[in-house]
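Some notes on the structure that comes next.
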Amino acid sequence: MLDQKWIRGDLDDLASRLRKKGFELDAAYLSSAEQERKAAQTQMEALQSERNRSSKAIGQAKAKGEAIEPLLAEVATLGEQLEAEKAKFEAVASKLQGYLQTIPNLPDEDVPDGTDEADNALLRTWGEPKAFQFEPLDHVDLTAAGGAMDFDVAAKLSQSRFVVLRGELAQLQRALIQFMLDVHVEEHGYEEVYVPFIVNSDSLFGTGQLPKFAEDQFRIDAERELYLIPTAEVPVTNIYRDAIINGGELPLKMVCHSPCFRSEAGSYGRDTRGMIRQHQFEKVELVQLVRPEDSDNAHEALTQHAEAILQKLELPYRVVNLCGGDLGFSAAKTYDLEVWLPSQQTYREISSCSNFRDFQARRMQARMRSGNGKPELLHTLNGSGVAVGRALVAILENYQEADGQVAVPSVLQPYLGGKTQLLMRD
RNA sequence: GGAGAGAUGGCUGAGUGGUCGAAAGCGCUCCCCUGCUAAGGGAGUAUACGUUGAUAGCGUAUCGAGGGUUCGAAUCCCUCUCUCUCCGCCA
């Protein structure tokens with residue numbers, strides 16, 4: 001959520017900054033609703049003040065043994081008036097609040113203009129796509145013969161967009177998770193955390209998935225408003241919802257492996273083949289809570305931490321600075337890491353590293369106290385470090401050999417009992 | 001699943017209808033005192049919103065959440081959530 005002071009400031013400036021993100025601010029509505037709110041609140045509070053004064057007088061009169069009937073008569077109609085004003089205020093305030101909650105975060109100055117991924121700015125490329133002496137298969141064809149990646153059985157068990165992994169592929173996925181966690185804990189100084197995979201609506205509101213993106217979530221209990229997590233970002237960041245952290249304890253750096261559940265509403269035709277876009281996938285997530293002045297540096301560092309994983313796996317990738325139109329709702333700035341997929345002859349997203357500044361912190365009231373000062377909102381950041389399912393796909397496709405075997409990246413070999421090759425077919 | 005207890009400020013913990021935003025202690029901040037030992041004394045110490053030039057004043061709200069009774073609710077009533085204890089069950 002944006003600072004409410006913004007809506008009392010220069011609305012034109014605010015509107016033009018939001019336009020970069022493809023959001024059309026209804027400035028006229030905002031300013032009239034804000035005026036209404038102010039008037040209603042002032043009137044309501046004046047009546048409350050009057051009531052408090054009268055009640056106090058009645059109390060004092062009673063204590064002295066004086067008659068209170070005349071005083072009671074004075075306030076006879078006050079209750080009704082107050083109730084009416086209160087109702088008016090609450091109606092106006094909740095309407096205004098509802099609108100404010102749908103306004104996205106402001107993009108940073110250095111976010112490129114643009115409407116979609118074609119306008120993202122390339123920052124750097126790492127590694128060279130491998131030149132194959134044969135026609136490389138995609139991960140589906142590569143694993144088809146051995147049956148280690150089974151979409152049909154998964155559809156029988158559940159529905160489409162799920163997968164069953166067997167044998168060495170299941171082990172490879174587990175190895176990847178273990179490897180990523182170890183690197184972030186041991187080399188990058190993150191604290192490993194384990195969290196609930198089912199969260200309440202307050203948590204989803206805190207990180208910005210609700211109320212606007214309810215259709216993307218798997219709600220598993222309507223009555224209690226419980227949801228499967230779309231990413232570990234939600235439970236991990238919300239650990240500090242409604243908390244005031246001692247400034248000396250920042251930065252907080254946490255890493256968490258979790259399954260992620262996404263309904264993928266509105267993406268029916270996209271990436272229907274293979275493991276690229278699933279309803280359930282594994283991810284290792286990096287989350288940082290930092291002092292506001294540190295968030296720019298933290299964003300660069302966190303991105304480097306995600307990049308380190310791809311570098312150690314020796315997977316070619318590039319880094320792009322998302323343009324305004326491609327930025328997520330809560331993000332002020334996002335770097336995507338895109339890994340090379342030989343079968344598609346293109347780079348595909350494998351990690352998204354974002355600085356949310358105080359946007360999420362305001363929604364969840366995550367604050368810090370430095371010295372004797374007042375509590376102030378901290379900054380939150382997160383990034384995939386990295387998406388496990390897509391990393392698995394990238395390894396299969398980039399490490400495949402002419403005979404249908406897949407070489408094991410050397411950093412993963414210790415996690416696979418020293419194995420150097422995976423046999424994809426018998 | 002059964003029975004019971006509870007939820008108050010950074011923490012501990014009083015407060016059962018009226019000058020209560022809330023005693024006291026701890027912690028923290030500032031000041032003072034004291035050359036003799038982790039001492040003593042004083043002052044201050046919640047958050048949000050509104051008003052304002054103002055982190056000054058003033059107003060409003062907040063004692064788990066929501067609703068109700070009342071001129072007036074931390075205190076009474078209802079619903080919900082969570083925590084704890086005992087029993088049962090169970091990875």
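The values are calculated or read from the model by the stated rules, or taken from the named source; none is laboratory data. Just so it is clear, the model here is predicted, and its values are computed rather than measured. Note that we place each Cβ from the backbone using ideal geometry, even for glycine, and neighbour counts take in every protein chain shown.
Can you confirm whether A:TYR317 is more than 16 Å from RNA strand B (Cβ to nearest atom), surrounded by fewer than 24 Cβ atoms within 10 Å (Cβ to Cβ), in the same structural domain as A:ALA301 (by TED's automatic domain parsing) and over 18 Å from the mean Cα position of the chain (by Cα)?
On the way: more than 16 Å from RNA strand B (Cβ to nearest atom): yes; surrounded by fewer than 24 Cβ atoms within 10 Å (Cβ to Cβ): no; in the same structural domain as A:ALA301 (by TED's automatic domain parsing): yes; over 18 Å from the mean Cα position of the chain (by Cα): yes.
It is false that A:TYR317 is more than 16 Å from RNA strand B (Cβ to nearest atom), surrounded by fewer than 24 Cβ atoms within 10 Å (Cβ to Cβ), in the same structural domain as A:ALA301 (by TED's automatic domain parsing) and over 18 Å from the mean Cα position of the chain (by Cα).
Under 8 Å between Cβ atoms, at least 6 apart or on separate chains: pull out the pairs that start in segment A:52-70 with a residue that is within 20 Å of A:LEU82 (Cβ to Cβ) and end on any residue that is within 8 Å of RNA strand B (Cβ to nearest atom) and modelled with pLDDT of 85 or more.
Correct list of pairs: A:ILE68/A:ILE58.
Pairs please, first residue from segment A:119-131 and under 8 Å from A:TYR317 (Cα atoms), second anywhere and surrounded by 15 or more Cβ atoms within 10 Å (Cβ to Cβ) and of a type outside the set (A, V, I, L, M, F, W, C), Cβ atoms under 6 Å, 6+ apart in sequence or on different chains.
So the pair list comes out as A:THR125/A:ARG318; A:TRP126/A:TYR317; A:GLY127/A:PRO316.
Can you tell me how many residues in segment A:22-67 are within 9 Å of RNA strand B (Cβ to nearest atom) and polar (S, T, N, Q)?
8
Kindly evaluate A:VAL339 against the criterion of being of a type in the set (Val, Ile, Thr), free of Cβ contacts under 8 Å to residues at least 60 places away in the same chain and either in contact with an Asp or Glu (Cβ under 9 Å, 6 or more places away or on another chain) or surrounded by 20 or more Cβ atoms within 10 Å (Cβ to Cβ) (or both).
Numbers: of a type in the set (Val, Ile, Thr): yes; free of Cβ contacts under 8 Å to residues at least 60 places away in the same chain: yes; either in contact with an Asp or Glu (Cβ under 9 Å, 6 or more places away or on another chain) or surrounded by 20 or more Cβ atoms within 10 Å (Cβ to Cβ) (or both): yes.
So A:VAL339 passes the test.
Taking A:SER263 as meeting all but one of (1) free of Cβ contacts under 8 Å to residues at least 60 places away in the same chain; (2) farther than 21 Å from A:ILE198 by Cβ, write down the number of the exception.
With respect to (1) free of Cβ contacts under 8 Å to residues at least 60 places away in the same chain; (2) farther than 21 Å from A:ILE198 by Cβ, A:SER263 is out only on (2).
Against the condition β-branched (Val, Ile, Thr) and within 14 Å of the chain's Cα centre (by Cα), how does A:THR346 come out, does it pass? Break it down into steps so the answer makes sense when it comes.
Numbers: β-branched (Val, Ile, Thr): yes; within 14 Å of the chain's Cα centre (by Cα): no.
No, not satisfied.
Can you confirm whether A:LYS86 is among the charged types (D, E, K, R), touching a Pro at 6+ places or on another chain (Cβ under 7 Å) and surrounded by 15 or more Cβ atoms within 10 Å (Cβ to Cβ)? Full working, then the answer.
Numbers: among the charged types (D, E, K, R): yes; touching a Pro at 6+ places or on another chain (Cβ under 7 Å): no; surrounded by 15 or more Cβ atoms within 10 Å (Cβ to Cβ): yes.
Here the answer is no, as A:LYS86 does not meet what is asked.
Having 1 or more residues that are among the basic types (Lys, Arg) and surrounded by 20 or more Cβ atoms within 10 Å (Cβ to Cβ) is the bar; report the strands (runs of 3 or more DSSP E) wholly within segment A:194-301 that clear it.
Details: elements: A:198-200, A:218-221, A:226-228, A:243-246, A:252-261, A:280-290.
Per the criteria, A:252-261, A:280-290.
Inside segment A:2-21, can you point out the residues that are within 11 Å of RNA strand B (Cβ to nearest atom) and in contact (Cβ under 8 Å) with a residue 60 or more places away in the chain?
A:ASP3, A:GLN4, A:ILE7 - these are the residues of segment A:2-21 that are within 11 Å of RNA strand B (Cβ to nearest atom) and in contact (Cβ under 8 Å) with a residue 60 or more places away in the chain.
Within segment A:327-426, which strands (runs of 3 or more DSSP E) (wholly inside it) include 2 or more residues that are farther than 30 Å from A:ASP3 by Cα and away from RNA strand B (no atom under 16 Å from the Cβ)?
Details: elements: A:333-341, A:346-357, A:366-369, A:379-387, A:405-407, A:421-423.
In segment A:327-426, the matching strands (runs of 3 or more DSSP E) lie at A:333-341, A:346-357, A:379-387, A:405-407, A:421-423.
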